[in-house]
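Here is the structure we will look at, set down as structure tokens.
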Amino acid sequence: MPFYIYVSAAAGSTYRYLIIADSRESGDFLFIGLDVNPDFTNLRRISPQLWKWDEGPILQLVKKINEGTIVGNNILRDLRYKILVHILPQVGSFGDFPIIPDIGLLDYISERTFFIRNRMNKSQFWEFGAVANRITISTVNRTGFKIQLVATPARVMVDTDRVELFANGALSLTKIGLQNPGAVLTGADSSFTFLFGALKFGFYIGQDAAGNNCVCWNSTATANNAADVWELCS
């Protein structure tokens with residue numbers, strides 16, 4: 001379904017825009033593209049659906065994206081036909097103003113801490129350390145997991161970003177990896193990374209040798225061949 005973003009430019013007194021994307025993911029990709037574009041100054045992300053900047057030629061940029069003439073940025077080229085922009089009335093003009101309802105979106109910013117739960121069974125959460133340094137499934141307890149980009153400064157994370165996972169403990173963080181051999185997630189291997197989008201379908205509930213329900217990694221899973229489906233929450 002369409003994803004709406006309200007933008008206030010020039011300190012909110014001059015230009016206001018409504019960006020219409022085909023999905024939240026496309027909106028996040030657009031923000032990353034603007035963040036590295038020198039034509040957009042003092043870009044701020046208040047929330048997934050509220051941005052601000054001082055100067056930025058958004059109309060011309062979106063036109064180039066949809067014409068296929070954008071150069072130098074793969075992220076923005078991939079947004080062709082996925083982004084529209086509408087100019088809103090100036091402040092004080094008494095023009096119609098869109099109301100964007102609060103839909104409770106988390107902002108997927110690198111280095112923040114999230115809970116991870118089963119989208120199909122929202123009582124199932126990831127828990128670390130209850131059984132032999134593994135991530136198990138619990139309907140009672142839950143562990144906060146820090147997710148961060150690999151070798152990239154903190155920003156919003158999108159599906160194609162490579163990330164690493166840490167379990168929050170009372171005094172420290174534990175880097176999450178894979179049992180070797182096997183696909184069970186543990187705190188034993190510090191080299192494991194994965195695409196942020198794989199959180200949706202790349203992990204499944206399996207069992208270890210003792211019969212515990214553990215979170216496991218499926219390196220060949222795709223959106224068309226999904227394992228369990230997971231979501232981040234706070």
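Annotations for the structure displayed:
- Residue match in segment 62-75 (condition: hydrophobic (A, V, I, L, M, F, W, C) and in contact with a His (Cβ under 9 Å, 6 or more places away or on another chain)): no
- Filtering segment 64-80 for residues that are at pLDDT 90 or above, of a type in the set (Val, Ile, Thr), not in a loop (DSSP other than H, G, I, E, B) and not assigned by TED's automatic domain parsing to the domain that holds Leu165 leaves a non-empty set.
- Ile176 in contact (Cβ under 8 Å) with a residue 60 or more places away in the chain, surrounded by 13 or more Cβ atoms within 10 Å (Cβ to Cβ) and aliphatic (A, V, I, L, M): no
- Residue in segment 153-169 that is more than 30 Å from Leu50 (Cβ to Cβ), assigned by TED's automatic domain parsing to the domain that holds Asp208 and either in contact (Cβ under 8 Å) with a residue 60 or more places away in the chain or not in a strand (DSSP E or B) (or both) present: yes
- For segment 81-93, a tally of residues being closer than 12 Å to Ile19 by Cβ and either assigned to a strand (DSSP E or B) or at pLDDT below 95 (or both) returns 6.
- Hey, Phe128 farther than 24 Å from Ile46 by Cβ, at pLDDT below 95 and either hydrophobic (A, V, I, L, M, F, W, C) or out of contact with any Cys (no Cβ under 9 Å at 6 or more places or on another chain) (or both) or not: yes
- Restricting attention to segment 132-152 and to residues that are surrounded by 15 or more Cβ atoms within 10 Å (Cβ to Cβ) and either of a type in the set (Val, Ile, Thr) or outside the structural domain of Ser191 (by TED's automatic domain parsing) (or both), the residue that is nearest to the chain's Cα centre (by Cα) turns out to be Ile147.
- When segment 1-55 is filtered for residues that are assigned to a loop (DSSP other than H, G, I, E, B), charged (D, E, K, R) and in contact with a strand residue (DSSP E or B) (Cβ under 6 Å, 6 or more places away or on another chain), only Asp54 remains.
- Residue satisfying all of: in segment 158-175; within 20 Å of Asn118 (Cβ to Cβ) and in contact with a Ser or Thr (Cβ under 7 Å, 6 or more places away or on another chain); modelled with the lowest pLDDT among these: Asn168
The values are calculated or read from the model by the stated rules, or taken from the named source; none is laboratory data. Please read these numbers as outputs of a predicted model, since none were measured by experiment. Here Cβ is always computed from backbone atoms with ideal geometry, including for glycine, and neighbour counts include all displayed protein chains.
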